[in-house]
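A short write-up of the structure that comes next.
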Amino acid sequence: MKKLYSFLTIVMMAMMAVSLTSCDDEEIARTLEGTWEGNMYASSYSSYYDTYYDATYSEVCFLRDPYRYSSGTGYWVDYYDRGYWGGYNYIANHIEWRVDFGTLYVYFVEDDYELRIYDYDLDDNYFVGVIVGEDGQRLRFSLRHVSSPNWNNYRWGYADYYDPYYYSNENATGMQRAKAKDGNTTEVPDRPQRVFGRTKKD
């Protein structure tokens, strides 16, 4: 009987720990909800120019799922000091995010890439923490809470279904064939690749 009691006690403690963690994750998600702006140490690599471009700042919006309180969707936009890709000075992505045992996972929909954020401090005004970047680099970022911009004005993922062009996979020279709605084709620079922590390509 004593062994059964000990076993039930352990099970109850484990269930309470999971419940408390779930509540903590929901509280983190609630505080995280909104739009944040600051330095995320994002860069983009263009194979056409064989060059990295550093973002001047990033804007991230977290929208909470009303049915799954510790996850949601949103937007991530990295801004650059001038237009490198078709005259646009930003790269915008839809994101899906979740808080799991305190760690924040951000999935970039158009890029099919997941980012992990942990060891952070978060309140209603500031979000400071660590990104695990390229090759496992630890990058410390700092964001502040700002008002939401008009997200409808962005071209998502540089080349997406809102774009008048669609892109093939021909990319041997860093250029892609783009076909406009009128049927004409032209060569355009490849879609830049977002990286966190600059790692020189060989």
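Taking the conditions exactly as written (over 18 Å from TYR126 (Cα atoms) and in contact with a Leu (Cβ under 9 Å, 6 or more places away or on another chain)), does TYR107 satisfy them or not? Working first, answer last.
Working: over 18 Å from TYR126 (Cα atoms): yes; in contact with a Leu (Cβ under 9 Å, 6 or more places away or on another chain): yes.
The answer is yes for TYR107.
Select from segment 40-56 the residues that are open to solvent by 70 Å² or more (accessible area, probe 1.4 Å) and not acidic (Asp, Glu) and write down the one among them that is nearest to the chain's Cα centre (by Cα).
Restricting attention to segment 40-56, the residues satisfying the condition of being open to solvent by 70 Å² or more (accessible area, probe 1.4 Å) are 41, 48-50, 54, 56.
Filter again for not acidic (Asp, Glu), leaving 41, 48-49, 56.
Numbers: TYR41: 12, TYR48: 24, TYR49: 24, THR56: 16 Å.
The residue in question is TYR41.
Select, from GLU27, GLU59, GLU37, the only residue that is at pLDDT 90 or above, charged (D, E, K, R) and open to solvent by 70 Å² or more (accessible area, probe 1.4 Å). Give the steps one after another, and end with the answer.
Working: GLU59 fails: open to solvent by 70 Å² or more (accessible area, probe 1.4 Å); GLU37 fails: open to solvent by 70 Å² or more (accessible area, probe 1.4 Å).
Exactly one residue qualifies, and that residue is GLU27.
Among the numbered criteria (1) part of a strand (DSSP E or B); (2) within 22 Å of GLN193 (Cα to Cα); (3) open to solvent by less than 50 Å² (accessible area, probe 1.4 Å); (4) free of Cβ contacts under 8 Å to residues at least 24 places away in the same chain, which one does VAL128 miss?
All conditions pass for VAL128, except number (2).
Can you tell which of ASP119, ASP112 is open to solvent by 20 Å² or more (accessible area, probe 1.4 Å), free of Cβ contacts under 8 Å to residues at least 60 places away in the same chain and over 17 Å from GLY133 (Cβ atoms)?
On the way: ASP119 fails: over 17 Å from GLY133 (Cβ atoms).
Step by step, each of ASP119, ASP112 is checked, and only ASP112 is open to solvent by 20 Å² or more (accessible area, probe 1.4 Å), free of Cβ contacts under 8 Å to residues at least 60 places away in the same chain and over 17 Å from GLY133 (Cβ atoms).
With respect to TYR75, is the statement that it is at pLDDT below 90 and either touching a helix residue (DSSP H, G or I) at 6+ places or on another chain (Cβ under 6 Å) or open to solvent by 50 Å² or more (accessible area, probe 1.4 Å) (or both) true? Before you say what the answer is, go through the steps one by one.
On the way: at pLDDT below 90: no; either touching a helix residue (DSSP H, G or I) at 6+ places or on another chain (Cβ under 6 Å) or open to solvent by 50 Å² or more (accessible area, probe 1.4 Å) (or both): yes.
So TYR75 does not fit the description; no.
The values are calculated or read from the model by the stated rules, or taken from the named source; none is laboratory data. This one's a predicted model, so the numbers in the text were calculated from it and none came from an experiment. Don't worry about glycine lacking a Cβ; one is built from the backbone with ideal geometry, like all the others, and counts go over all protein chains shown. Note: areas computed on protein heavy atoms with side chains; ligands, DNA, RNA excluded. Shrake-Rupley method; radii C 1.70, N 1.55, O 1.52, S 1.80 Å.
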